[in-house]
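S.K.: Before I ask anything, here is the structure I am working with.
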Protein chains: 4
Amino acid sequence: MNLLVSRECQAEDSIVRVGEIAFGDGSFPVIAGPCSVESEEQLMACAEVIAESGGALLRGGAFKPRTSPYEFQGLGEEGLRLLVLARERFGLGVVTEVMAESEIAMVASYADLLQVGARNMQNYPLLRALGKCGKPVLLKRGLSATLKEWMMAAEYILANGNPDVILCERGIRSFDSHTRNVLDIASVPAMQEMTHLPVVVDPSHATGRRSLIAPLAKASLAVGADGLLVECHPNPDKAWSDGAQSLDLNQFRDMMAMLPSRILKS
Amino acid sequence: MNLLVSRECQAEDSIVRVGEIAFGDGSFPVIAGPCSVESEEQLMACAEVIAESGGALLRGGAFKPRTSPYEFQGLGEEGLRLLVLARERFGLGVVTEVMAESEIAMVASYADLLQVGARNMQNYPLLRALGKCGKPVLLKRGLSATLKEWMMAAEYILANGNPDVILCERGIRSFDSHTRNVLDIASVPAMQEMTHLPVVVDPSHATGRRSLIAPLAKASLAVGADGLLVECHPNPDKAWSDGAQSLDLNQFRDMMAMLPSRILKS
Amino acid sequence: MNLLVSRECQAEDSIVRVGEIAFGDGSFPVIAGPCSVESEEQLMACAEVIAESGGALLRGGAFKPRTSPYEFQGLGEEGLRLLVLARERFGLGVVTEVMAESEIAMVASYADLLQVGARNMQNYPLLRALGKCGKPVLLKRGLSATLKEWMMAAEYILANGNPDVILCERGIRSFDSHTRNVLDIASVPAMQEMTHLPVVVDPSHATGRRSLIAPLAKASLAVGADGLLVECHPNPDKAWSDGAQSLDLNQFRDMMAMLPSRILKS
Amino acid sequence: MNLLVSRECQAEDSIVRVGEIAFGDGSFPVIAGPCSVESEEQLMACAEVIAESGGALLRGGAFKPRTSPYEFQGLGEEGLRLLVLARERFGLGVVTEVMAESEIAMVASYADLLQVGARNMQNYPLLRALGKCGKPVLLKRGLSATLKEWMMAAEYILANGNPDVILCERGIRSFDSHTRNVLDIASVPAMQEMTHLPVVVDPSHATGRRSLIAPLAKASLAVGADGLLVECHPNPDKAWSDGAQSLDLNQFRDMMAMLPSRILKS
């Protein structure tokens, strides 16, 4: 039996739409925003620059999976309300993570694209429920997931009724602590050979280093990725999470200036 | 602030009791059983030999996290009923995996020790809920989890009210496909230095190869582990999952014969 | 003390010249050729297409490090003579691997750029001797070398008197067998931050899969690499080594057609 | 064709003799000594305790492969003379590393067992020359070598005429910096299934942490290893290299006291 996600099952590229934004049609939409939603002021500052610079969607964490139980766990539903407020003001669709099956309906009532984090890539009850949630899903690759396991995780969502899955390469765990993870850029064309789903790249989590994000964004575009996910923050040094890998808003503007607002992949 | 799981917080070893079985008191209890509960006949055949050979607890999967949505996903609650039947017949406490927050109460009504699988080690909503479940928890190390991340995952359970956590080293992902994973045996004394929680070893998942299980069981005892988790099956070649790494029942008896029924660690 | 290879020691980019070809001046020279020199016919067929397509240098293995002692070990000095013949006919400088200190003088009498393979990145007697060889050196990253170890390997060459080192990212060993290795593309800008030496990329060894080479070549250019190293062969399916990762000559032409003959990095 | 190192070629265990010490006969010889030979006083202090405690052979580095060219590179031939002096005084055979083909004859004129370090496991000219050196060879596993690659490296030595190879598992590179490397203890029985050569374990390099050496030594014995290699030093905090992973001489005595002087593997 051919997998639903496979090219054998569907030869042509899937186009996944999030409002007016399309992933997989040859364009290169940029999803951006802070790691965590911290305050109205912080979020609106990001959203304004993202919208002005040609960003496609606004991301922000409201329910945060954190290694320690004593780290900031996100603003919860209040964070979602702020994201919706930003959407109303700046016209950017909202992307946010959902961690628990029991929270899907609530999160889906606010967000336009539901993110599954790397730690949950093989949380099968969550994936099954997302198959029935009625919203597109952004499925991050697990820290040590093979390409086959990643495809199979997507298959859980499609097999439960939801064809709208965007894959996100965000780096794999390796031996060198110089970068937080290793961006497996070859996974982009390798997955595109095997599956019809769009594949975007997150250079922020892949490297954990601000200075590497712009070069990797250019490489992601060149390799044929279907979009980008980057973290930005009005004041990265004061960010409540992931500051070291967040662009400040000027750096974000500069990066976007390098990338045409409506890029057709070669 | 010291972590609840740390030696700084509690110098003496924690003893986690599952019925009459103690983990962390210097003994070496053996948890055994099939990967998946398949049928009454299969499960009782295992349980009989485990009880006769001095095994401490019976494990069996009823809700199975499987890479593909098209693989056997476990018998579900029917599997749990069979595990309870085996407990009644052979006096072995029951260990089984719980994958979803919404199933904890139901699984806990059958099982004596709740297992968190490697894929869910950082499923924080699940860990938080297990902090309030009233049953001891067996927390497997994630495939690419650092020791610190593993400790922090346990901390989620303790911080939510449940001190009864047993850690399980089950191999980490590495580059050589000769074995399924690499048993990081040094993690046992390393974790015992940092935490007061008991640490058991699962050589079945660590290697994926039947012939390596007995030598690794001996090594686990020698290194100072607080117990063992092994897969066995009446007919491994016909097992619905993980046959290659399951001992048959004679091999299980032979392995147990090497290990005194009540072993005191040196 | 600052390392000789570091930006602290020399802020501006080093330009390493191999005949008329420069690495590190903002251009993107392409080194190409077969994994092993097999015959005059095979090598001249490659060299002709490489020269016509705007390739910069001809690579070919004459002394081959092979995992098994029973695999083809290269034509030896006869292979070097064929490389020189190709240089005379097509005007391409010659790149080839040197494996042993005792062979450096002989190999250097034929080649224009001496390659240190991944397996020898920490062969310090070899590196020391290359510091005194009078020819530029192409230093491949070891399969599990950290960036710091790779820099230190280059430092051995510079500290022994040879400033002309080109670094080559060729993929690191990881857990997924889908590709032969994982191209750590972030290592290019990360190394360029820390060192003034040019960094080129070898997508052939990085992936082991022909179909991924062209997308990775484009990504390497976009990320700011100082050149490319690719394998090509007139008949990859009959290649004596590494056929699966060699482009055929039409594929090589197509890849070169995408890359301007004299590319200035953005 | 069956490999010379394989069980298909030779079913019974090879016994490799280094003077009166045998590896592979069911005993568990302990090789010990400092990482680097630093002085006569340091070396004799080690050798005396090793001999008294039942150690089998004295190791010490005279030619040291060091990540940085500016680190101590060993005393060279003077170090070898000190090792021979210790042999004369304490009756312990001498084990030391050889890094270069050109130094084999000289090193072999002093040492009883020639060590190939992890960085040189695939230095084929060195391996070929060791096939003709007339001395037994201790072949360490490379940092990211598969079991098959390790066997093939040994095959280079046997195929060149030297049957006396002892394999040494010394940990593989992985993602967690808590330990220096990950001891792949399953490689011991896995290699013993595939090859007739003896396999010893080096817990010092495997962990880089003094406190983990004794538990891993016990585990190595229990898993069926054919011997042990450990670092010790009269004053580890002042060691010129690898102090953090060296036992002091009292710790070494204590570890040996746990291990019978003539152990038969179970």
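The values are calculated or read from the model by the stated rules, or taken from the named source; none is laboratory data. Computed from a predicted structure; not experimentally measured. Quick reminder, even Gly has a Cβ in these numbers, built from the backbone with ideal geometry, and neighbours come from all protein chains shown.
S.K.: Can you tell me which residue is nearest to A:GLU48 (Cα to Cα) among those in the range A:240-260 that are of a type in the set (Gly, Ala, Ser) and in a helix (DSSP H, G or I)?
M.R.: A:ALA257
S.K.: If you don't mind, another one. Being among the β-branched types (Val, Ile, Thr), touching a helix residue (DSSP H, G or I) at 6+ places or on another chain (Cβ under 8 Å) and under 24 Å from A:GLU169 (Cβ atoms), is that true of even one residue in the range C:204-212? Quick ask: steps written out before the conclusion?
M.R.: Initial filter on the range C:204-212 (among the β-branched types (Val, Ile, Thr)): C:207.
Next cut, touching a helix residue (DSSP H, G or I) at 6+ places or on another chain (Cβ under 8 Å) only: C:207.
From what's left, under 24 Å from A:GLU169 (Cβ atoms): C:207.
The answer is yes; a qualifying residue exists.
S.K.: Which is aliphatic (A, V, I, L, M) and closer than 25 Å to D:GLN251 by Cα, of D:ALA32, D:ALA129, D:ALA105, D:ALA100?
M.R.: Only one candidate passes the filter, namely D:ALA32.
S.K.: Sticking with this structure for a sec: Report, by residue number, each residue of the range D:110-143 that is out of contact with any strand residue (DSSP E or B) (no Cβ under 6 Å at 6 or more places or on another chain), more than 15 Å from D:VAL199 (Cα to Cα) and not aliphatic (A, V, I, L, M).
M.R.: D:TYR110, D:ARG119, D:ASN120, D:GLN122, D:ASN123, D:TYR124, D:PRO125, D:ARG128, D:GLY131, D:LYS132, D:CYS133, D:GLY134
S.K.: Condition first: touching a strand residue (DSSP E or B) at 6+ places or on another chain (Cβ under 7 Å) and over 23 Å from D:LEU113 (Cβ atoms). Can you find one or more residues in the range D:145-161 that meet it?
M.R.: no
S.K.: With the structure loaded, tell me whether C:LEU147 is of a type outside the set (Phe, Trp, Tyr), buried (at least 22 other Cβ atoms within 10 Å of the Cβ) and more than 21 Å from C:GLY19 (Cβ to Cβ) or whether it fails that test.
M.R.: yes
S.K.: Right, something else. B:ARG141: surrounded by fewer than 20 Cβ atoms within 10 Å (Cβ to Cβ) and over 25 Å from B:ARG81 (Cβ atoms), yes or no?
M.R.: Numbers: surrounded by fewer than 20 Cβ atoms within 10 Å (Cβ to Cβ): no; over 25 Å from B:ARG81 (Cβ atoms): yes.
Here the answer is no, as B:ARG141 does not meet what is asked.
S.K.: Kindly provide the set of residues from the range D:98-112 that are crowded, with 23+ Cβ neighbours inside 10 Å and within 17 Å of D:PRO34 (Cβ to Cβ), ordered by number.
M.R.: Of everything in the range D:98-112, just one residue is crowded, with 23+ Cβ neighbours inside 10 Å and within 17 Å of D:PRO34 (Cβ to Cβ), namely D:ALA111.
S.K.: Here's another thing I want to ask about it. Which ones in the range D:222-235 are buried (at least 23 other Cβ atoms within 10 Å of the Cβ) and either facing another protein chain (nearest Cβ under 9 Å) or at pLDDT below 95 (or both)? Spell out how you get there, then give the answer.
M.R.: Step one: filter the range D:222-235 for residues buried (at least 23 other Cβ atoms within 10 Å of the Cβ), giving D:223, D:225-233.
Listed by number, the list holds a single entry, D:VAL223.
S.K.: Taking the options A:ARG119, A:ARG128, name whichever one is at pLDDT 95 or above and surrounded by 22 or more Cβ atoms within 10 Å (Cβ to Cβ).
M.R.: On the way: A:ARG128 fails: surrounded by 22 or more Cβ atoms within 10 Å (Cβ to Cβ).
Within the list A:ARG119, A:ARG128, the selection yields A:ARG119.
S.K.: Those residues that are within 30 Å of D:LEU126 (Cβ to Cβ), small (Gly, Ala, Ser) and either surrounded by 22 or more Cβ atoms within 10 Å (Cβ to Cβ) or within 14 Å of chain D (Cβ to nearest Cβ) (or both), I need them from the range C:36-67; list them, please.
M.R.: Hits for the range C:36-67 are C:SER36, C:GLY60, C:GLY61, C:ALA62.
S.K.: Please go through the range C:77-109 and give me each residue that is in contact with a strand residue (DSSP E or B) (Cβ under 6 Å, 6 or more places away or on another chain), among the hydrophobic types (A, V, I, L, M, F, W, C) and not in a helix (DSSP H, G or I), ordered by number.
M.R.: Listed by number, the residues that qualify are C:LEU92, C:VAL94, C:VAL95, C:VAL98.
S.K.: Only one of these is assigned to a helix (DSSP H, G or I) and either facing another protein chain (nearest Cβ under 7 Å) or polar (S, T, N, Q) (or both): A:MET152, A:MET191. Name it.
M.R.: Result: A:MET152 is the single residue among A:MET152, A:MET191 that is assigned to a helix (DSSP H, G or I) and either facing another protein chain (nearest Cβ under 7 Å) or polar (S, T, N, Q) (or both).
S.K.: Report, by residue number, each residue of the range C:155-181 that is in a strand (DSSP E or B) and either more than 12 Å from chain D (Cβ to nearest Cβ) or surrounded by fewer than 23 Cβ atoms within 10 Å (Cβ to Cβ) (or both).
M.R.: C:VAL165, C:ILE166, C:LEU167, C:CYS168, C:GLU169
S.K.: Tell me which residues, restricted to the range D:199-213, are at the interface with chain B (Cβ under 9 Å from one of its Cβ atoms), crowded, with 22+ Cβ neighbours inside 10 Å and either under 17 Å from D:LEU249 (Cα atoms) or not β-branched (Val, Ile, Thr) (or both).
M.R.: D:PRO203, D:ALA206, D:LEU212
S.K.: A further question follows. Of all residues in the range A:91-107, which are of a type in the set (Asp, Glu) and either away from chain B (no Cβ under 13 Å) or free of Cβ contacts under 8 Å to residues at least 40 places away in the same chain (or both)?
M.R.: A:GLU97, A:GLU101
S.K.: Within the range C:112-144, track down each residue that is over 16 Å from the mean Cα position of the chain (by Cα), within 8 Å of another protein chain (Cβ to nearest Cβ) and not in a helix (DSSP H, G or I).
M.R.: Within the range C:112-144, C:GLN122, C:ASN123, C:SER144 qualify.
S.K.: Take the residues of the range B:236-264 that are surrounded by fewer than 21 Cβ atoms within 10 Å (Cβ to Cβ) and hydroxyl-bearing (Ser, Thr, Tyr): which is nearest to the other protein chains (Cβ to nearest Cβ)?
M.R.: Within the range B:236-264, the match that is nearest to the other protein chains (Cβ to nearest Cβ) is B:SER241.
S.K.: Another one. Name the residues in the range D:49-80 that are within 16 Å of D:VAL94 (Cα to Cα) and β-branched (Val, Ile, Thr), would you?
M.R.: Within the range D:49-80, D:VAL49, D:ILE50 meet the criteria.
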